[in-house]
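The values are calculated or read from the model by the stated rules, or taken from the named source; none is laboratory data. A quick note: this is a predicted structure, and the numbers were derived from the prediction, not measured. Don't worry about glycine lacking a Cβ; one is built from the backbone with ideal geometry, like all the others, and counts go over all protein chains shown. Ligands, DNA and RNA are excluded from the accessible area calculation, which covers all protein heavy atoms including side chains. Shrake-Rupley method; radii C 1.70, N 1.55, O 1.52, S 1.80 Å.
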Protein chains: 2
Amino acid sequence: MKETWMAKLKEKGMRITAQREAIVDILLNSEKALDPLEVYDLTRQSHPSLGVVTVYRTMECLEHLGLLQKVHQACGCNKFLKLKEGHHHLLICTNCGKAVYFEGLNFENAFSEIAENNNFLLQDHWLQLSGLCPRCQKI
Amino acid sequence: MKETWMAKLKEKGMRITAQREAIVDILLNSEKALDPLEVYDLTRQSHPSLGVVTVYRTMECLEHLGLLQKVHQACGCNKFLKLKEGHHHLLICTNCGKAVYFEGLNFENAFSEIAENNNFLLQDHWLQLSGLCPRCQKI
DNA sequence: TACTTATTGAAATTGATTTTCATTATCAAT
DNA sequence: ATTGATAATGAAAATCAATTTCAATAAGTA
Ligand SMILES: [Mn+2]
Ligand SMILES: [Mn+2]
Ligand SMILES: [Zn+2]
Ligand SMILES: [Zn+2]
């Protein structure tokens, strides 16, 4: 997976740096969405000289490259999660933040109908479920 | 409607002030979600001496009283909209911000099923549609 | 190895929100 | 109506995230 990400960076003419690799490592290994400051703290554990600005810039790039997705939660709206191919929605743990993509719901038609009834031209939809993940239910 | 809101403030032991009335007026007459600074600017047109802090504080109160709801949009996550009774979802214009509550979708069962399949204990869901309102389609 | 240029990070800047606190205004009790 | 307790206000300072600037550094190509 990391190879794919770094390849995509290279493909866009961007350089491979130790900082970028470290940031990508953190994001790829996280099962929850992280904001830039969280990534900064986590990455600095192995790269103490890293600057915050680099984290902001790198995460913005990764989003533009379609590798990261912005996720809004009660605990913050600047969180980013690795994006999965295709159209999916998220199920997020309110306790630990664990995020799971799920498929199987196809509401697109129902959404169109609602929009039509209100004379809106539907452009997008935002659907997210939240609850307790298996582990957090036991605690 | 305004009477209801002011009554609720009083009921909670809060005082009726000119500032609060002005802020409530703006929020009740807006058909789109507004953030504190927008409310500040709008309210100052009639109350130039109003302070920003008062707007922040008042809007926070109104949210706690269940009169306002926080609404997340691409253009910002600090926007508040007057809350409608009952369980509804929103349809929001991406151009002018016009917000419409709609009913008629009942996906609760489908959501529960998805959660179960992933061994999550469902607590909440978030659904929002976006598109162009009738007026913005013509422009 | 040398060179071009993207990248980096410290520091300054911006902008939103919160905190502090002295002053003012509301409202209930006289 | 007057008074008094105290809730509310707003200017100013403080905080915090995020962005901009810029000189130094490092990546990748020739
Ligand atoms: Mn969908
Ligand atoms: Mn619902
Ligand atoms: Zn969890
Ligand atoms: Zn519109």
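Restrict the search to region B:102-139; then list the GluC sites (Glu not before Pro) that DSSP places in a loop and that have at most 14 other Cβ atoms within 10 Å of their Cβ.
When the GluC sites (Glu not before Pro) of region B:102-139 are filtered for loop state and at most 14 Cβ neighbours within 10 Å, B:GLU103 remain.
If you rank A:SER30, A:SER112 by how much accessible surface each has, with a 1.4 Å probe, what is the order from largest down?
A:SER112, A:SER30
For the protein assembly as shown, how big is Rg over Rh, using alpha carbon atoms and the Kirkwood form of Rh?
1.01
In Å², and per residue, what accessible area does region B:89-137 have when probed at 1.4 Å with the other protein chains present?
49 Å²
Defining the label point at 7 Å along Cα→Cβ, can you sort the distances from A:ASN117 to the same site in each other copy, shortest first, in nm?
Distances between equivalent label points, in nm: 2.5.
Given R₀ = 35 Å, what would the calculated FRET efficiency be for B:ILE139 paired with A:MET1, taking r from the Cβ atoms and rounding to 0.05?
0.20
Which distances, in nm and shortest first, link the B:HIS87 label point to the same label point in every other copy, taking 7 Å along Cα→Cβ?
Here B:HIS87 shows inter-copy label distances of 2.5 nm.
By accessible area of protein heavy atoms, probe 1.4 Å, what ranking do A:HIS47, B:HIS72 get, highest first?
Result of the area sort, largest leading: A:HIS47, B:HIS72.
Cα atoms only: what Rg and Dmax, in Å, come out for region B:89-137?
14.5, 44
With respect to the symmetry axis carrying chain A onto chain B, which residue of chain A exhibits the smallest Cβ distance to that axis, and what is the value in whole Å?
In chain A, the Cβ lying nearest the symmetry axis toward B is A:CYS77, 2.
Calculate I(q)/I(0) for chain B by the Debye formula, one identical point scatterer on each C-alpha and no solvent, and give its log10 at q = 0.10, 0.21, 0.22 Å⁻¹ to two decimals.
The calculated log intensity ratios at q = 0.10, 0.21, 0.22 Å⁻¹ are -0.42, -1.26, -1.33.
With charges set only on the Cβ (+1 for Lys and Arg, -1 for Asp and Glu), what does the dipole of region B:1-125 come to about its Cα centre, in debye to the nearest 20?
So the magnitude is around 600 debye.
Ranked by accessible surface with a 1.4 Å probe, highest first, in what order do A:SER130, A:SER49, B:SER46 come?
So the residues, ranked largest to smallest area, are A:SER49, B:SER46, A:SER130.
Would you pull out the residues with amide H under 5 Å of A:HIS89's amide H, same chain only if 5 or more places away, H placed 1.01 Å from N?
Amide H neighbours of A:HIS89, under 5 Å, 5+ apart: A:PHE102.
How large a share of the accessible area of chain B, in percent, is made up of carbon and sulfur atoms when the probe is 1.4 Å and the other protein chains stay in place?
48 percent
Probe of 1.4 angstrom, ligands and nucleic acids ignored: what's the accessible area per residue over region B:1-83, in square angstrom?
57 Å²
What is the interface area between chains A and B, defined as buried accessible area summed over both chains with a 1.4 Å probe, reported in Å² to the nearest 100?
Interface area, both chains combined: 3000 Å², rounded to the nearest 100.
Taking the label point 7 Å from Cα in the Cβ direction, how far apart in nm is B:GLU21 from each other copy of itself, listed shortest first?
6.8
To the nearest 10 square angstrom, what accessible area does A:TYR40 show with a 1.4 Å probe?
40 Å²
Most fluctuating residue of B:GLY13, B:GLY97, B:GLY51 in a GNM of chain B with Cα springs under 10 Å: which is it?
For chain B, modelled as a Gaussian network with Cα springs under 10 Å, the answer is B:GLY13.
Per DSSP H run of n ≥ 4, the term is -39500 (n - 2.57); total these for the protein assembly as shown, divide by its residue number, and report the mean residue ellipticity at 222 nm rounded to 500 deg cm²/dmol.
-12500 deg cm²/dmol
Summarise the long-distance tail of P(r) for region A:11-50 by giving the % of C-alpha pairs beyond 12 Å.
Summing the P(r) of region A:11-50 above 12 Å gives 58 percent of all pairs.
May I ask you to derive the FRET efficiency for B:GLU85 and B:GLN123 from their Cβ-Cβ distance with R0 = 25 Å, giving the value to the nearest 0.05?
Efficiency computed from Cβ-Cβ geometry: 0.70.
Over the Cα atoms of region B:2-82, what is the Rg over Rh ratio if Rh follows Kirkwood?
Here Rg/Rh amounts to 0.94.
Can you count the Lys pairs in region B:54-139 with C-alpha separation below 25 Å, eight or more apart or on different chains?
So the count of such lysine pairs works out to 8.
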